[in-house]
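> Just passing along the structure, written as structure tokens.
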Amino acid sequence: MTRPEPRLIDLRTAVPTDWSLTGLSAPQWDGVNFYRTPSAPSSRLTFTTAAPRFVQFRYQLFAPETAVTGRVFLNGHLLDTFTFPAGEFVSREATGYTRAGDNTLILEYLCGSSVCRDVPIRQYWTQVTLATTSQARTDVGLGVERWTLDAPGSPLNVQGTGRLLFDNENYFRFVQGREFTLGWPEGTHVLDTSFQVSADEPFRVTARVDGQIVTQKRGDRTTSVAPTLSLVEHPRATSLQVQVDCLSSHKNCARLYFTRASVVPPNVAAPPTPTALFMAGGLVLLALLLLAWGLRLFPRAARVPD
């Protein structure tokens, strides 16, 4: 698998020459870390990408006596809303996908339901990571496609996890609670699906389709659970339920990686099963035998010379 080849842009101290940052002061130093102060109700970052890219925006807002809410928009689409508690240093990551060409990332500063006025705000960890993305759908032949969850426009969907994140090597999601559900559009015939669950403690993974257990495996800090599950016998299924039990902390411990599925998309005929191929071959053979039998019963008449 090709790795995403990330590009990290740290805006705490400098801005690339081909990028533009407005609404924030020049870098300042508090004796430990660099920060910038907002000079407007929102800051604006503009940049260009040659193709769609995964973007991860890391930021931290701090005000000693007031809670501050940050709202992050990418090209007009809301990526994240988060309230930073007063007097606490908490970092936050907003993620999404850029488009090919010009992109605009806006961070709004709110105190309650209105813009912050006369509130001393410091913005730390103004940092952007850009990474290449996979194709959401790949043709693998015979009417079968390979779908990737962690790609822009993926037909797959997941519930029960956090947002897509990037650890500078791989994409992942934190599993929230004890179960996540992988779903696909109705009418899709899923042939198989694969994923990887990792955790820093002993855990157990139980996957079900239509209430039937299709796998149950254990893992730990050094051993991930990475099954490939055949769903050929469940052609009408629209989802896969995966239960993750943390066996030490009994809390949310797991991370989900590399989720994919081989599918026959909706409105595409399913590939023939071995039984169907055997029956079709038998019918063809029977037709040939009948033809040969008919030729013996009714031999071709001899040609009379002119």
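> Can you pull out every residue in the range 179-214 that is charged (D, E, K, R) and farther than 13 Å from Pro155 by Cβ?
So in the range 179-214, the residues charged (D, E, K, R) come out as 179, 186, 192, 200-201, 204, 208, 210.
Of everything in the range 179-214, those that are charged (D, E, K, R) and farther than 13 Å from Pro155 by Cβ turn out to be Glu179, Asp192, Asp200, Glu201, Arg204, Arg208, Asp210.
> Turning to a different aspect of this structure: So is Arg7 open to solvent by 20 Å² or more (accessible area, probe 1.4 Å), free of Cβ contacts under 8 Å to residues at least 40 places away in the same chain and closer than 23 Å to Pro152 by Cβ or not?
No, not satisfied.
The rows are residues; the columns are (1) part of a strand (DSSP E or B); (2) touching a Leu at 6+ places or on another chain (Cβ under 8 Å); (3) modelled with pLDDT of 95 or more; (4) not β-branched (Val, Ile, Thr).
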| residue | (1), (2), (3), (4) |
| --- | --- |
| Asp192 | yes, yes, yes, yes |
| Pro235 | no, no, no, yes |
| Gln243 | yes, no, yes, yes |
| Thr275 | no, no, no, no |
| Gly281 | no, no, no, yes |
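> Suppose we keep only residues that are out of contact with any strand residue (DSSP E or B) (no Cβ under 7 Å at 6 or more places or on another chain) and farther than 30 Å from Gln127 by Cα within the range 185-201. Which one would you say is most open to solvent (accessible area, probe 1.4 Å)? Give the derivation first.
First, the residues of the range 185-201 that are out of contact with any strand residue (DSSP E or B) (no Cβ under 7 Å at 6 or more places or on another chain): 185-187, 200.
Filter again for farther than 30 Å from Gln127 by Cα, leaving 185-187.
Details: Pro185: 52, Glu186: 160, Gly187: 57 Å².
The residue in question is Glu186.
> Pick from Leu149, Leu156, Leu182: which is modelled with pLDDT of 95 or more, in contact with a strand residue (DSSP E or B) (Cβ under 9 Å, 6 or more places away or on another chain), over 23 Å from Arg53 (Cα atoms) and open to solvent by less than 20 Å² (accessible area, probe 1.4 Å)? Give the steps one after another, and end with the answer.
Values: Leu149 fails: over 23 Å from Arg53 (Cα atoms); Leu156 fails: over 23 Å from Arg53 (Cα atoms).
Just one listed residue meets the conditions, Leu182.
> Please find, within the range 245-263, the residue that is nearest to Gln196 (Cα to Cα) out of those that are assigned to a loop (DSSP other than H, G, I, E, B) and in contact (Cβ under 8 Å) with a residue 24 or more places away in the chain.
At the first step, the residues of the range 245-263 found to be assigned to a loop (DSSP other than H, G, I, E, B) are 247-253.
Now drop any that are not in contact (Cβ under 8 Å) with a residue 24 or more places away in the chain, which leaves 247-249, 252-253.
Working: Leu247: 18, Ser248: 20, Ser249: 20, Asn252: 16, Cys253: 14 Å.
The residue in question is Cys253.
> May I pose another question? Could you grab me the full set of residues in the range 35-56 that are among the hydroxyl-bearing types (Ser, Thr, Tyr) and in contact (Cβ under 8 Å) with a residue 40 or more places away in the chain? If you could, list the steps in order and put the result at the bottom.
Applying the first criterion (among the hydroxyl-bearing types (Ser, Thr, Tyr)) to the range 35-56 yields 35, 37, 39, 42-43, 46, 48-49.
Of everything in the range 35-56, those that are among the hydroxyl-bearing types (Ser, Thr, Tyr) and in contact (Cβ under 8 Å) with a residue 40 or more places away in the chain turn out to be Tyr35, Thr37, Ser42, Ser43, Thr46, Thr48, Thr49.
> Is it fair to say Thr133 is of a type in the set (S, T, N, Q), touching a residue at least 24 places away in the same chain (Cβ under 8 Å), touching a Phe, Trp or Tyr at 6+ places or on another chain (Cβ under 6 Å) and open to solvent by 10 Å² or more (accessible area, probe 1.4 Å)? Walk me through how you get there before you give the answer.
Working: of a type in the set (S, T, N, Q): yes; touching a residue at least 24 places away in the same chain (Cβ under 8 Å): yes; touching a Phe, Trp or Tyr at 6+ places or on another chain (Cβ under 6 Å): yes; open to solvent by 10 Å² or more (accessible area, probe 1.4 Å): yes.
The answer is yes for Thr133.
> Hey, could you check the range 166-179 for residues that are open to solvent by 10 Å² or more (accessible area, probe 1.4 Å) and touching a Gly at 6+ places or on another chain (Cβ under 8 Å) and say which is farthest from Val244 (Cα to Cα)?
Arg173
> Quick one: which residue in Arg71, Arg53 is surrounded by 18 or more Cβ atoms within 10 Å (Cβ to Cβ) and under 29 Å from Ala136 (Cβ atoms)?
Values: Arg71 fails: surrounded by 18 or more Cβ atoms within 10 Å (Cβ to Cβ).
Among Arg71, Arg53, only Arg53 is surrounded by 18 or more Cβ atoms within 10 Å (Cβ to Cβ) and under 29 Å from Ala136 (Cβ atoms).
> I'd like the full set of residues that are among the aromatic types (Phe, Trp, Tyr) and in contact (Cβ under 8 Å) with a residue 60 or more places away in the chain, limited to the range 177-209.
The first filter runs over the range 177-209 and keeps only residues among the aromatic types (Phe, Trp, Tyr), leaving 180, 184, 195, 203.
Selection gives Phe180, Trp184, Phe195.
The values are calculated or read from the model by the stated rules, or taken from the named source; none is laboratory data. Fair warning: this is a prediction, and the values are worked out from it, not measured in the lab. Note: ideal-geometry Cβ built from the backbone for every residue, glycine included; neighbour counts use all protein chains shown. Each accessible area value is taken on the protein alone, full model and side chains, heavy atoms only, with ligands, DNA and RNA left out. Shrake-Rupley method; radii C 1.70, N 1.55, O 1.52, S 1.80 Å.
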